[in-house]
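Visitor: Here you go, one structure.
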Amino acid sequence: MLHRPERLAFLASGTGSNVRAILTAIREKRLGCRAVCLLSDRAKAPALELARAAGLETAVFGRACWGDHAPRADDVLDWLRGQAVDSLVLAGFLRKVPAVLLEAWPGAIYNIHPALLPSFGGPGMYGSHVHRAVWNAGCRVSGATVHLVDGIYDHGTILAQASTDLEGASGPDEVAARVLAVEHRLFADTLERLHRGTLTVRKESPLHG
Ligand code: GRF
């Protein structure tokens, strides 16, 4: 039985366009969840200002809080517990989620990847690196994947995917733009289906068994 998200914490490292798309879906009543807070690993992440303007609690936790050996990971755990969230939404987040968070929110940590996993995923495959690899491979389509986060980059159970045709695309930047438009629709739609309990999974990742 999949977790049904209600109170969301965002994790974002960058511009936050996916956060903005989800906040818009909530405001327009296309998503029945509550956006509670946002944390970033970068003090200058524009996503922080976007979240503050939307009235969300925000915080910054630096590199010692992330990865497989994260001495300060408990700081993040304590802060998130204080926000009383039930789901973590990685929206343009570039760090590896430490085990203490995976254990605290099992099956309730979501990520969006800008490609059709398992292709073009894994360490180093983020942002423009993904779109350049797709372009150089001569792919005719690309897309986005929403998946559960586990201890391996871009490896967790696939929850939803959507594709975009690359016909007439001029290069990797055009691929990125078309995929980002897909992400903005797919993430909110997938969270709403999870919230309603109407999403079914085709294959559980072995780490989620
Ligand atoms: C997006 O392509 C997302 O798939 C990836 O980070 C990129 C930037 O996201 N995880 P955003 O504009 O900061 O939401």
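Computed from the coordinates by the stated procedures, all read-outs in this text should not be read as laboratory data. Computed from a predicted model, the values in this text were never measured in an experiment. Using ideal geometry, Cβ is built from the backbone for each residue, glycine included, and neighbour counts are taken over all protein chains shown.
Visitor: For the chain, find the longest principal axis of its Cα atoms and tell me its angle to the long axis of helix 172-196, 0 to 90°, nearest 10.
Guide: So the inclination is approximately 50 degrees.
Visitor: Relative to the longest principal axis of the chain, what angle (0 to 90°, nearest 10) does the C-alpha long axis of helix 73-83 take?
Guide: Tilt of helix 73-83: around 80 degrees.
Visitor: Identify the residues of the range 143-168 with backbone N under 13 Å of a label point that sits 7 angstrom from the Cα of ALA177 along the Cα-to-Cβ direction, or state none.
Guide: It comes to 168, nothing else.
Visitor: Would you please state the base-10 log of I(q)/I(0) at q = 0.12, 0.18 1/Å for the range 7-92, with intensities from the Debye formula using one equal scatterer on every alpha carbon?
Guide: -0.32, -0.72
Visitor: If you stretched the chain out fully between MET1 and ALA53, how much longer would it get, using 0.36 nm times the residue separation minus the C-alpha to C-alpha distance?
Guide: Gain on extension, MET1 to ALA53, equals 15.2 nm.
Visitor: Give the peptides 56-66, 184-194 in descending order of average Cβ contacts within 10 Å, highest first.
Guide: Per-residue Cβ counts within 10 Å, averaged per peptide and sorted highest first, yield 184-194, 56-66.
Visitor: While we're looking at this one, here's another question. What are the lysines whose alpha-carbon lies under 22 Å from the alpha-carbon of LYS96, with same-chain residues fewer than 8 places away excluded?
Guide: Qualifying lysines at Cα under 22 Å: LYS44.
Visitor: Something else now. Can you run phi through the Karplus equation (6.51, -1.76, 1.60; θ = phi - 60°) for the range 106-123 and list ³J(HN,Hα) in whole Hz, with x for Gly and Pro?
Guide: x, x, 9, 10, 10, 9, 10, 10, x, 7, 8, 4, x, 5, 6, x, x, x
Visitor: Further question on the same structure: Can you give the charge dipole size of the chain about its Cα centre, rounded to the nearest 20 debye, using +1 on the beta carbon of Lys and Arg and -1 on the beta carbon of Asp and Glu?
Guide: With only Lys, Arg, Asp and Glu charged at Cβ, the dipole is about 320 debye.
Visitor: Against the longest principal axis of the chain, how steep is helix 17-27, in degrees 0 to 90 to the nearest 10, with axes from Cα atoms?
Guide: 70 degrees
Visitor: Ok, one more. Taking the highest mean first, how do the peptides 116-126, 82-92, 4-14 order by number of other beta carbon atoms within 10 angstrom per residue?
Guide: Per-residue Cβ counts within 10 Å, averaged per peptide and sorted highest first, yield 4-14, 82-92, 116-126.
Visitor: With contacts defined as alpha carbon pairs under 8 Å and 6 or more residues apart, what's the relative contact order of the range 132-209 in percent?
Guide: 34 percent
Visitor: Turning to a different aspect of this structure: Of the beta bridges DSSP finds with both residues in the range 7-197, what % are antiparallel, to the nearest 5?
Guide: Here the share of antiparallel DSSP bridges comes out near 40 percent.
Visitor: Using a ≥ b ≥ c from the Cα gyration tensor of the chain (square roots of the eigenvalues), is it rounded, prolate or oblate, where a/c under 1.5 gives rounded and otherwise the larger of a/b and b/c decides, a/b for prolate?
Guide: Because its axes are fairly even, with a/c under 1.5, the chain counts as rounded.
Visitor: Further question: What residues have an amide H closer than 5 Å to that of LEU31, excluding those fewer than 5 places away on the same chain, when H is modeled at 1.01 Å from N in the peptide plane?
Guide: For LEU31, whose amide H was placed from the backbone, the distant partners under 5 Å are ILE26.
Visitor: Note down the relative contact order for the chain as a percent, whole number, built from C-alpha pairs under 8 angstrom at least six residues apart.
Guide: 21 percent
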